[in-house]
Amino acid sequence: MSSVGAPVDITALQLDPARAPLGWVAARPLLMVAIVLILGIAVSRYLPVSAGVWVGLSILFSILSVLMRRRPVVASMLILFASGWLGVSIAQLSYSYYRTDHITHFTTETRRLAQVEMLILHPPRIYAPTFGQSHPMPPKQVTTARVTAVRLKTGWVQASGDMLVQISEPNPRLRVGQTVRAWGMIDRPASSMNPGQFDWAGYYRQQRILVSLHVPHANNLIITEDHAPSLMQQWRAYTRDMLAAGFTNKQSVDHALLRALVLGDSDPELRDVQEQFRKTGTSHHLAISGMHIAVMGGVVFMIARLCRLSPRKAWMIAIVFVIAYGLAALPSAPVVRSVLLWVAIGIAILTRRGMDMLQLLAVVVIAMLVYQPLDLFNAGFQLSFGTVLGLIVLTKPMTRWFGARSHDPTESAPTRWIIRAAAYIDSQILLVMAAGLVAWLVSMPVIASHFSQLNPWAILSSIVIAPVVFCALIAGVFKIVLTALFPGLAGAFAWIAVQPTSWMRRGVEWLGGLPFGDVPLPAPTWWMIGLFYVSLLVAAYPWERPGARIITKLAYVAALLVLLFLPYRSTITQTTSAETMRVTLLAVGAGQCAVVEPPSGRITLIDAGSLSLADPVRRAIAPFLRYRGITQIDTIAVSHANSDHFSAVAELVEAYGAREVMVAPHFSDAATDNPMLAETMSHLRRVQRPPTTVVPGHIIPMGTNASLEVLWPPADVGELDANDLSLVLMLTHGRTKILFTGDIENQAMRGLLQKPEKLQADILIAPHHGSSESETSAFVKAVSPRVILSSNDRTLTGKQIRFESLVSGIPLLRTHDRGAITIDLHADGTYAITPHVPVNSDRK
């Protein structure tokens, strides 16, 4: 019998084929159940929505498996069928079935005023603008709440369902457990409006949140009941108070970093730090994860053993600590998984039972997916469980691939302790390198699929930063414990805890400066991901024949080629085609940005700004550029000096190394009365990109039969407002023309109408976001477009509504309801217009 602390690994046991006809599968039955359950959840969206039928099939196969229990192979297959249908049914129940009084029944596709009574479920978080952002937006408060009632004309009626709540003026009194009544605009969470953009609607739908309430003022929120916080809420508040005690205002960033690292709390002050972690591929270190809990559990176990406690007592203390730590941290898939695994391993050790990590992982997966099946589609869930599974299955084969072997102290080797210690350190270094490479390989497809990102330095960065991160983690946890025991020394404990966090920030900043640290990787298709993982499994298989071992090494190379080469090849082919020019009018709310991808590869942006998006670069423009595999911008043409057209220019110039910024005459003059423009101009001068002034007649070649010509305004145009000083540009590819008009109004239109023959175009980017002026009718008639596109906010103005009536005979596509609009211009004069929001494509 094994002793406590020495668990039996049943994966090393040889099974008797006569007693276990299913062989390897019989040793891990729950693993197969978990796999089939996952497949059932994955295919549930492609099957008819009829959860009752799938539940019936699951019950039927379960009963048949009991009846066929004397035939183990048949019974096992029936159990797998039952598990698959169970996955289909619970996924469809979670995704499609809601109560008749759900809040969605009181919501429409357009925003409407509503008064709602709700219970606050999660701690409200304040989201502030990114530091250094050129167009900062006011901070807002975000939380989720459970609806209890909604007010109609006839009075209050009962309602149900969870809801996203966004408060434009944060209310410091708001906390978990309060019942509040709020007035605001109710609608559906925004879906992805641009290629590559994060789909918030899908993200919240997986959490069964289909409605969003926008509260414009803190006074629109009345607290009607303030329930006493639960014991768990009190425990979480207490741990955060102990961590915060002793930190000064100058140490606020380090305190926020510790809170994120130790407890999983997000803080606006960490935006820059989080961006550095993201760029270096080490974001998993910053967010609390199962690894963090495992490390702290191991540290507590070691401390207990150093105090000469028995292994049984040490394991009991470690389990209690892990549970308390997991309850203090914010709930997430990695935290829950790690706590459950720790408890299961601890129970197995205390009861002297054999354990199989794959079996334990399967138990946790089944439990979490039955409770929340749609978590399967979350990046956090996939990264957490996929990485752990990869580490269990692939670490040893990867170590063998490196040429490492286990050290046997009984073999005839030098007995001097220095040599033996060096051999041990060498084996541990190889093990760490193998584990890091496995974690990178396994997580890379998930990161590429969800975030379209690849960092070649991720393995090196993770290994370099890991010791400092774990020191900071241990310091933060002991800061909480020691402050609770000796509150008078909180300042000293805070100073000690700050040291590793400052090292961590400096280290990540240095790693972020490495070349090619943030490579855009187009999302691979499902078959590429599947082929990649099959290659890894082939490489991990212990081939016995010497010739077959070559397959192992070739499989790793094949996996990398599958995931890297094919997506890049397809994207480069699309971008550099000599026959096609692609123009995409992005959906940036109240603003405008068009990305031109010509045959020459000279990437040009026409305008880049927004009034309604807090961060147009990271929320819309950068995700699209990453999706298209664009890493550098050649030219940015800014139409005029309104912030909704230039607010993102400075950030794009620095992030994408734009070589040239083109502006109209008198553009710089507006900086006198426009602080935001003055700041942008100053930034452009600092990075040695002062704007270049262009005038009518200036032509920018963009490849064979492709050019961009300036039509307006002349240098001597005289006194006009900013809108009428907008650059008017004619983009030509072959026989097809697109006219960009900025925000021109009556005076500019009159000037352009003096030469109407130069205005004719196939596609018109509507003036002033599709607004009607007195000269608009004559101007549109002179252009004679086949299609009109407009970039605008979700709520139309009176002028925009009149514009739709004015051009009723011409197809009009607006970004607020069609999302990004892509135009593919072909050399033969044809073109295709495709909106991002799926509606019938227009082919001309």
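The values are calculated or read from the model by the stated rules, or taken from the named source; none is laboratory data. Since we're looking at a predicted model, the values are computed, not measured. In this analysis, Cβ positions are derived from the backbone assuming ideal geometry, glycine residues included, and neighbour counts consider all displayed protein chains. We work out accessible area using only protein heavy atoms, side chains counted, and drop any ligands, DNA or RNA first. Shrake-Rupley method; radii C 1.70, N 1.55, O 1.52, S 1.80 Å.
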### Task
First check a/c for the stretch 307-352, with a ≥ b ≥ c the square roots of the eigenvalues of its C-alpha gyration tensor; if it is under 1.5, answer rounded, and if not, answer prolate when a/b is larger than b/c or oblate otherwise.
oblate
### Query
What pairs from 396/479; 755/799; 279/313 go past 32 Å between their alpha carbons?
396/479; 279/313
### Message
Please report the carbon-and-sulfur percent of the accessible area for the stretch 60-203; probe 1.4 Å, protein heavy atoms only, DNA, RNA and ligands left out.
### Response
63 percent
### Query
Sorted by average packing, counted as other Cβ atoms within 10 angstrom per residue and highest first, what order do 820-826, 605-611 take?
605-611, 820-826
### Query
What FRET efficiency, computed as 1/(1 + (r/R0)^6) with R0 = 45 Å and r the Cβ-Cβ distance, is obtained for residue 506 and residue 327, rounded to the nearest 0.05?
0.85
### Query
Rg to Rh for the stretch 36-112: what is it, with Cα atoms only and Rh by Kirkwood?
1.20
### Query
For the stretch 780-844, with only Lys/Arg (+1) and Asp/Glu (-1) charged at the beta-carbon, what is the dipole magnitude about the Cα centre, in debye rounded to 20?
240 debye
### Query
What length, rounded to one decimal in nm, is gained on full extension from residue 238 through to residue 716, with 0.36 nm per residue of separation minus their alpha-carbon distance?
165.3 nm
### Task
Obtain the nm distance between the two label points defined at residue 688 and residue 760 by a simple spin-label model: each point lies 7 Å from its Cα along the Cα-to-C-beta direction.
4.6 nm
### Task
Find how much the distance from residue 50 to residue 429 grows on full extension, using 0.36 nm per residue of separation minus their present alpha carbon separation; answer in nm with one decimal.
131.1 nm
### Mean accessible surface per residue for the stretch 116-262, computed with a 1.4 Å probe while every protein chain stays in place, in Å²
48 Å²
### Task
Please list 793-801, 252-260, 392-400, 148-156 highest first by mean number of surrounding beta-carbon atoms within 10 Å per residue.
252-260, 392-400, 793-801, 148-156
### Query
Taking the inverse of the average 1/r across all pairs of different Cα atoms in the stretch 671-716, what Kirkwood radius in Å do you get?
12.9 Å
### Task
Find the accessible area per residue for the stretch 701-776; the probe is 1.4 Å, ligands and nucleic acids are left out, and the unit is Å².
37 Å²
### Task
Would you mind putting 679-687, 492-500 in packing order, based on average other-beta-carbon counts within 10 Å, highest first?
492-500, 679-687
### Query
Using the reciprocal of the averaged 1/r over all distinct C-alpha pairs, how large is the Kirkwood radius of the stretch 697-800 in Å?
14.1 Å
### Modelled FRET efficiency - R0 22 Å, residue 218 with residue 115, Cβ distances, 0.05 increments
0.90
### Summary
Heavy-atom accessible area of the stretch 652-762 with neighbours in place, 1.4 angstrom probe: carbon+sulfur share in percent works out to 47 percent
### Query
Roughly how many Å² is the accessible area per residue of the stretch 462-502, as a whole number, for a 1.4 Å probe?
42 Å²
### Message
Multiplying the sequence separation of residue 203 and residue 105 by 0.36 nm and subtracting their Cα-Cα distance, what value in nm do you get?
### Response
33.3 nm
### Query
What is the calculated FRET efficiency for residue 799 to residue 669, with r their C-beta to C-beta distance and R₀ = 30 Å, to the nearest 0.05?
0.65
